[in-house]
Amino acid sequence: MSFVTRFAPSPTGYLHRGHAYSALTAYKAAREADGCFLLRIEDIDVTRSRPEYEAAILEDLAWLGLSWERPVRRQSEHLDDYHAAIETLRSRGLVYRCFKTRKEIDIGRAPHEPAVPYVGAPLPPAEEAERLARGEAFAWRLSLAAARQTLGGFETLTFEEEGAGPNGETGLIQARPETAGDIVLARKDVGVAYHLAVVRDDALQGVTHVIRGHDLFEAAHIQRLLQALLDLPTPIYHHHGLLVGPDGKRYAKRDRAQTLRELRAAGVRPEALRKELGFT
Ligand code: GLU
């Protein structure tokens, strides 16, 4: 299949207009390219994901007139795959155990200051063994230094942006994974990090075009690095603008944006919503 795209919501709340816009954008692109549209449930954050939200996602998207390939991939069922990918990185010396807590990392940071990306290094083996023996919690972090060495620099890491980033970035983009620091790939409470699962699944599902909101543009920089380290293909990216409400603010779950459920309950027809969002 020469065009495969996906909508990949996290079932941590009900869908709102912003999600509908994103899903319709991907769906329309797949239809126009005579390609394939996938739905992927990104429920690796077990503390926030809920089955009722997942059920609502399927129902709301079907109401909106979308259809997708089955079976739907649910990330929580594939944790072994993600751990295998981390193991691959570990065997190549690309990840290390970090015992620092967020609080320790943030020491000295005033509340109004942005978090500084963390860059660390593995502990000396004896100290690490001691901490492990004491049962101290740790996170697996991706080492930028080791990654840089393995790849001989990040200059070759580029991706094609067919849409635009939040500052109009478009065309061939030079990835800057270093801006995120040594990202966490896994830890106890969050078994596996979002970036790793996304990169692994996009490759496994043969996704050729990642179509999503430009709030995830920065994620593409990190994901591009993971693709290189895991020998996975790089899809074409299309980041779209975010839908704003009448107040000029973007729709977001946390702002209690009106959900698709509420619109449905209020008698809004799917055709009317599609039209409002610019789709026929
Ligand atoms: N699951 C992510 C979210 O709901 C989207 C991931 C992606 O499209 O790459 O924000």
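The values are calculated or read from the model by the stated rules, or taken from the named source; none is laboratory data. All of these numbers come straight from a predicted model, not from anything done at the bench. Ideal geometry is used to build each Cβ from the backbone, glycine not excepted, and the neighbour counts take in all protein chains shown.
Key figures
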{"quantity": "Residue check for GLU52: within 21 Å of ARG141 (Cα to Cα) and either surrounded by fewer than 18 Cβ atoms within 10 Å (Cβ to Cβ) or small (Gly, Ala, Ser) (or both)", "calculated": "no"}
{"quantity": "Selected residue [in a helix (DSSP H, G or I) and touching an Asp or Glu at 6+ places or on another chain (Cβ under 7 Å)] from ARG274, ARG224, ARG261", "calculated": "ARG261"}
{"quantity": "Where a residue in region 266-280 is hydrophobic (A, V, I, L, M, F, W, C) and its partner, wherever it lies, is surrounded by 17 or more Cβ atoms within 10 Å (Cβ to Cβ) and not in a helix (DSSP H, G or I), with Cβ under 9 Å and at least six apart", "calculated": "LEU273/LEU64; LEU277/LEU243"}
{"quantity": "Region 196-216: number of residues that are part of a strand (DSSP E or B) and surrounded by fewer than 19 Cβ atoms within 10 Å (Cβ to Cβ)", "calculated": "0"}
{"quantity": "ASP231, sole failed condition from (1) more than 30 Å from ARG90 (Cβ to Cβ); (2) part of a loop (DSSP other than H, G, I, E, B)", "calculated": "(1)"}
{"quantity": "In region 196-216, the residues that are of a type in the set (Val, Ile, Thr) and within 12 Å of the ligand (Cβ to nearest atom)", "calculated": "VAL198, VAL199, VAL207, VAL210, ILE211"}
{"quantity": "Test set (1) touching a residue at least 60 places away in the same chain (Cβ under 8 Å); (2) more than 14 Å from the chain's Cα centre (by Cα); (3) over 20 Å from LEU39 (Cβ atoms) - VAL184 fails condition number", "calculated": "(2)"}
{"quantity": "Count - residues of region 106-151 that are small (Gly, Ala, Ser), touching a residue at least 24 places away in the same chain (Cβ under 8 Å) and loosely packed, with under 13 Cβ neighbours inside 10 Å", "calculated": "2"}
{"quantity": "Some residue of region 157-177 being among the acidic types (Asp, Glu), modelled with pLDDT under 95, surrounded by fewer than 18 Cβ atoms within 10 Å (Cβ to Cβ) and more than 16 Å from the ligand (Cβ to nearest atom)", "calculated": "no"}
{"quantity": "Residue selected from region 222-255 under the condition surrounded by fewer than 21 Cβ atoms within 10 Å (Cβ to Cβ) and among the β-branched types (Val, Ile, Thr), by the criterion farthest from the ligand (Cβ to nearest atom)", "calculated": "VAL244"}
{"quantity": "Single match in ALA180, ALA219, ALA193 (criterion: buried (at least 17 other Cβ atoms within 10 Å of the Cβ), away from the ligand (no atom under 13 Å from the Cβ) and hydrophobic (A, V, I, L, M, F, W, C))", "calculated": "ALA180"}
